[in-house]
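Let me begin by presenting the structure, written as structure tokens, before commenting on it.
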Amino acid sequence: MPPQVSDQDLGDAFLQSVQHGSFPQSEHVVSAPVPSTALPHLLDVVRKARDDTTNEIRQVSREAASDVDGWIFQARKLQDDIKRSQDTAKAIVQEAESGKENTTRVQNAATQLSFMYSEIAYNESLVQVIEQLRDISTLLESVQDAAVHGHILHALDRLEDTNAAFHRLGPFESTRIVGVLKSRADQLRSAIIENITESWNALILVEPAERKVTMKEAIERESPVHIESVVEALNKLNLLDKFLSRLSRDVDAVIVGPRLTFDHDQIVFALEIGGDSIQIMGRITDMSVKASLEDIHVIAEYLSTRLPPSIAVPLSEKLVPSITARLITNWLLPAIPLSTDGVHDFQENLSLVLGLAEYFDELDWSGQKRLQDWVDKSAEIWLAKRKEAAIARVQRLLPRRVCEKTSVERVETQMISKGDAMLAGEGNKEDQDEDWGADWGDDEKHPAEEHEASYTQAAEEEDMSAWGMDDDEDTQGDTTQNTKPDNDKELDEVDPDAWGWGDDEEAKPTAPTEPAQKPVAPTKANGNANAPHKSAQEKAVTLRETYTVTAIPDSLMEIIVQVVKDVATLNSPELVGSVIAPASGGLYAIPSLLLAMYRATAAMHYSKDVAGNMLIYNDCTRLSDRLRSFIVEQAGKDKTSNLPQHLRPSVRLRLDNDIKSVEGFAKRAYGREMENQRTIIRDLLDGAQGFQSCTIAPFATECDNAVAMTIDRIEEVKRQWQKVLSHSVLLQSLGSLVSTALTKFITEVEDMPDIAEEESKKLHGYGISLSSISTLFQTDDAAGDARDMTGIYTPNWFKFQYLSEILDSSLADIRYMWTDSELKLEMEADEVIDLINALAELGRYGLSTLVNNLLRPEQKPIPFNILINGQFLRSTLQQFLTQHDLSSESTLDVEYTPALLPPLNVSSFEHDDWVSAVDVLSAASPAGGSSIASGQERILSASYDGLVRVWNTSGDVLATSSAPNNGGRITCLKTARWLSDKKFVAAGLDSVVRVYKYDEDTRSITPSVELYSHNMGVEDVAVHRPSNRILSASSDTTIALFSSSTKDNPAAPAPLLPTSTAASAKRQKLSKPERSVPARGALATLSGHASPASAVIFKPADPTVAYSTSHDHTLKTWDLPTATCVDTRTTGHALLALAALPHLHLLAAGTSARHITLIDPRASATQISVITLRGHKNAVVALDADPGSHYRLLSGSHDGTAQIWDVRNVRPSVGMAEGQVGESVYTIARESVGGGAAAGGAGAAKMHAHGEGVKVLGVRWDRDVGILSAGEDRRVQVNRAAAS
């Protein structure tokens, strides 16, 4: 209950709050309620407080009234003082104004006084200037008078005084009268210069036409004019340097040049001095350097005696450098001796040059330092000249000597063991046969066997040289027969980038690295020979073989030998004191330069010979042998040589690295040639495509041709090399090529999963054909008997022979070869077992043969594809069971279907530009039907030139559209489709979809309607003939729906029409006359893609549904009546092409990631990518389904190929999102780059990695016409299977 407070307490608290704003301190007062009965008391309290306050105010007013009256009085007094101050200030201002007028009058008077003083000063200065001008005028008159009387120096002195007087005029120098005087001074100066010039020209007379210069000491005028005074005058005028420069040029052109320079007829003119003149007259007879130096001495003496030092010395600064340059270039450099015969003359010339330089010093001339430096560096210059001459000589020799061939003999003695195969033809043959018999019967392996086998393998892989270029110790010597040519011929062209200074650092191709003079007895190609290594009895064997070389090695050696002789001659007592003797050691660098020059240009010079690389190999072998022999020979001579130790060839001639470079160059040339030939052989055998279809046309013919061409190639190579290589090198090289062919054949056969009986017989026949190569290895032994050396030089020869026999043998025969013959020496047990399994296993070919035997026993066999549980069988049945974890008791669902034969190229239709799309009108096509008779099929092509063409199947153009009148916009076409036999639709980069009418009778194409909806290029169109509907996909991300009937479409959007702007209308008028082609808009525009739409199709079973793909990675499903997107499938890559496989409920989408994704578009599908087809090497941009199969698909790619796929040819994927992975059945290459028949998926034809120039842009598969592909090579290519 709140406390009770008295009315008095409430009144006090209220009053305190109003008067002082204080809050009650008592809790009881604060919380007490204020009843209504207390209000009267509170009002009384307030009223009483107000009265008290009023009384206090009145009391205070009465007490302060007197003070207020004082304040008022003081304020009035202050106001009066302010007024008086204002009046005083006005008076002061008035007085100040009257004083200012007085000041102004005083200032004006002062200014006038100052002006008067200035006028007086100006008049005084003007008087002075006038006096100065009078003096200047007097000076100019004296100048003129002196010049007239020939006192040039006095006139110039007065002229200088005149110039000084002009400068003293100060500000008056710019006045008009001074300008007149200056002009007069300039005229006098010009007259003096003209006078001096005339005097100079009279004193120094140059007559270019007469090739004559005359110099006089003085000339007679009114008074004699001496050359010294003219020079002094020119110095005063600062013109002497100019006159000396002209004099230097004249003397050089008239006298020095003709004497020291050869004209175009190689003529030098003679010098003659008569009186004051020096003149060029007649031809010189003495062409020696001495005569030239003497004439230069005469010229210098003439100039120094006819001209004062004040002219001669500065003239030498300009003339001597020119004389020096001509002397060095035209006389001294050509006089450098290139042999030791001219050293004495050269030494004398150097002494004369030094004498000339000393004479110039006596005359105090300058510019001769270059001559002194040239003499000081004469040894270095001589050495550089020798090197240059040696290189030039090689340049002249190489193109001539490469055509001169000769045979040389090489003799080499080696210690060879008794059991070596090289003794096979000698008297110990019987012992060797016994050893071989023991070896082949031994099943044990020894460590030495593995070493021998690895040596054999290295021989196969590295193309060893038959002459042991790396085996220096065994080289004994050689005897040579060669011819020495006489003629010289300039080499016109040398590759400046061919200098192989870093040859030793290059990545070396396969080249000879081991000696092959010890061929290994036939062992296993895989290195598993079982022959024990017996204790060898060594025997010295002398090898003699001839081979062909050019004259180049001997020519190079002649130069190198001459270099060594020159070093000895220069250090003989007669020449050791010569200037160039100290540089003789530098000659030892010439051999390295010559060998580098040879390596740099050899490829160019040898390239004209069919066996050029082998000639390089032989020449380098010959050159390295001769260099080694030369070094050994010189080492022996140096023991008794008188040369200083540091100049002996054995010390200074370091050719080891050069010999290695030459040998490396030989190895690379040999390796390049061998690799080229091996590549050719492999490419020829690649034409057999693995021999897996060697019994099926047309591959049977391809396999036959591949084997035959391989044999022919090897025989041709032998004919080319036989006249060049030595016998052993020839056999070894051929053995390497044969081994390459046999290795590929063996590998291809062993890789075949199953080999049918017919294939086995065919492969055995190929083995017999290849065995005929052994005739190339027939050689005569010492007794004259023919021996077959194939097994020695071809490491895998015996393995190949056994493989051929196995292909035509029963199991019993194979067992006999293994147990009682030498098969185990050549093949591993696993290899033999795999071959037996392939021959006995039921694989695709075996089952195909079985089906033919059961169903078509009397007919020609046809290939069948075998499907096991719905998948193609690409291996043996056993392997299929293993791969799918099935037991041998499992029940398999086996199907067979006729195999698709390889599509062969039947024709190509060439265009003027890239072909972007192709379509077919036939009885089997959707737009054709029964109205199209057989043979009347039509092919539609769209090109980047903006034209549509209609072709017949014979390749004739029946009709071509005219260029569209599109207001100047781009007309490149991207797509075209037949609507019916009388209509087709085409679209491209100008964003317009056009419907054309085609008249078969008149062979004409006319536009029917232009459809507008897109503002960017159209990438694809789809048509549905029954409903006349057209779908278009555009780069503007939209899909448009049109009707081919003009009346069904709405009006075209005005902004999209080409006449919508004045600029486009102008372009239209300038391009072509207008044609009345109806323009219409779209029935519907479908928006939803985020990037350019790439492809669109109607759903085959329901034309009210469409599918589209886009660069935004999505596949969208559209409901056309409502123009809405009902489903979106997102993939991992941009989608570029689209085709339907309706029987499988799948859509095939080509991707930018080089594969094809098969997508199930049904809403119930749980996986986006059902199957991924991999095999293309670039983006897949075109797709079409096989009209004769539910499972096959055709694709076109920017890699330049079209590929055929069967979705049953799949395997499980290792990825989680790819489903199954498939491979192509056939690859169709472009015929324009040599692509003929289609290749199997594993053996596809080799193409450019990215399809440069042959990109496939469009494909179509028609049951009647075949497979059509259009591309960047400007062709429509038609391929058709042999049975179609």
Note on Thr747: of the conditions (1) in contact (Cβ under 8 Å) with a residue 24 or more places away in the chain; (2) under 38 Å from the mean Cα position of the chain (by Cα), unmet is (1)
Across region 1018-1041, the tally of residues that are assigned to a loop (DSSP other than H, G, I, E, B), in contact (Cβ under 8 Å) with a residue 60 or more places away in the chain and β-branched (Val, Ile, Thr) stands at 1
Across (1) open to solvent by 20 Å² or more (accessible area, probe 1.4 Å); (2) of a type outside the set (Asp, Glu); (3) in contact with a Leu (Cβ under 7 Å, 6 or more places away or on another chain); (4) modelled with pLDDT under 50, Gln432 clears everything bar (1)
| query | Would it be correct to say that Ser584 is modelled with pLDDT of 90 or more, in a helix (DSSP H, G or I) and buried (at least 20 other Cβ atoms within 10 Å of the Cβ)? | reply | no
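To keep it simple, each residue is scored yes or no on (1) touching a Cys at 6+ places or on another chain (Cβ under 7 Å); (2) closer than 30 Å to Asp554 by Cβ; (3) among the charged types (D, E, K, R); (4) in contact (Cβ under 8 Å) with a residue 24 or more places away in the chain.
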residue: Ala335; (1), (2), (3), (4): no, no, no, yes
residue: Phe360; (1), (2), (3), (4): no, no, no, yes
residue: Gly367; (1), (2), (3), (4): no, no, no, yes
residue: Leu371; (1), (2), (3), (4): no, no, no, yes
residue: Ser378; (1), (2), (3), (4): no, no, no, yes
residue: Trp382; (1), (2), (3), (4): no, yes, no, yes
residue: Lys385; (1), (2), (3), (4): no, yes, yes, yes
residue: Ala390; (1), (2), (3), (4): no, yes, no, yes
residue: Val394; (1), (2), (3), (4): no, yes, no, yes
If I filter region 315-328 for residues that are closer than 30 Å to Lys565 by Cβ and modelled with pLDDT of 90 or more, do I get at least one hit? yes
Taking region 1152-1190 and the residues there that are over 22 Å from Val918 (Cβ atoms) and of a type in the set (A, V, I, L, M), the one that is surrounded by the fewest Cβ atoms within 10 Å (Cβ to Cβ) would be Ala1163
Looking across region 346-380 at residues that are in a loop (DSSP other than H, G, I, E, B) and among the hydrophobic types (A, V, I, L, M, F, W, C), the single one that is most open to solvent (accessible area, probe 1.4 Å) is Leu363
For region 663-685, the count of residues that are hydrophobic (A, V, I, L, M, F, W, C), over 19 Å from Asp609 (Cβ atoms) and open to solvent by less than 10 Å² (accessible area, probe 1.4 Å) equals 2
The residue from Asp785, Asp813, Asp780, Asp820 that alone is among the charged types (D, E, K, R), open to solvent by 30 Å² or more (accessible area, probe 1.4 Å) and touching a strand residue (DSSP E or B) at 6+ places or on another chain (Cβ under 7 Å) is Asp780
- prompt: Regarding Thr305, is this residue closer than 19 Å to Val206 by Cβ, among the polar types (S, T, N, Q) and open to solvent by 60 Å² or more (accessible area, probe 1.4 Å)?
  reply: yes
If you go through Leu169, Leu159, the only one that is within 18 Å of Leu237 (Cα to Cα) and aliphatic (A, V, I, L, M) is Leu159
Within region 154-165, the count of residues that are touching a helix residue (DSSP H, G or I) at 6+ places or on another chain (Cβ under 6 Å) and not small (Gly, Ala, Ser) comes to 6
Conditions (1) more than 21 Å from Ala1137 (Cβ to Cβ); (2) within 41 Å of the chain's Cα centre (by Cα); (3) open to solvent by 10 Å² or more (accessible area, probe 1.4 Å) -> Asp990 fails only (3)
Out of (1) surrounded by 16 or more Cβ atoms within 10 Å (Cβ to Cβ); (2) in a helix (DSSP H, G or I), the one Ile278 does not meet is (2)
Item to complete: Would you check if there is a residue in region 866-875 being open to solvent by 20 Å² or more (accessible area, probe 1.4 Å), at pLDDT below 80, in a strand (DSSP E or B) and on the phi < 0 side of the Ramachandran plot?
Response: yes
When restricted to Met287, Met281, the only residue under 56 Å from the mean Cα position of the chain (by Cα) and farther than 30 Å from Ala147 by Cβ is Met287
* Would it be correct to say that Leu315 is within 30 Å of Ala568 (Cβ to Cβ) and either more than 52 Å from the chain's Cα centre (by Cα) or surrounded by fewer than 18 Cβ atoms within 10 Å (Cβ to Cβ) (or both)? -> no
Conditions (1) crowded, with 20+ Cβ neighbours inside 10 Å; (2) not in a loop (DSSP other than H, G, I, E, B) -> Thr1085 fails only (1)
Within region 217-272, residues open to solvent by less than 40 Å² (accessible area, probe 1.4 Å), among the hydroxyl-bearing types (Ser, Thr, Tyr) and more than 30 Å from His149 (Cα to Cα) come out as Ser248
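The values are calculated or read from the model by the stated rules, or taken from the named source; none is laboratory data. Keep in mind it's a predicted model, so treat the numbers as computed, not measured. Note: ideal-geometry Cβ built from the backbone for every residue, glycine included; neighbour counts use all protein chains shown. Just so you know, the surface numbers come from the protein's heavy atoms only, side chains and all, with ligands and any DNA or RNA stripped out. Shrake-Rupley method; radii C 1.70, N 1.55, O 1.52, S 1.80 Å.
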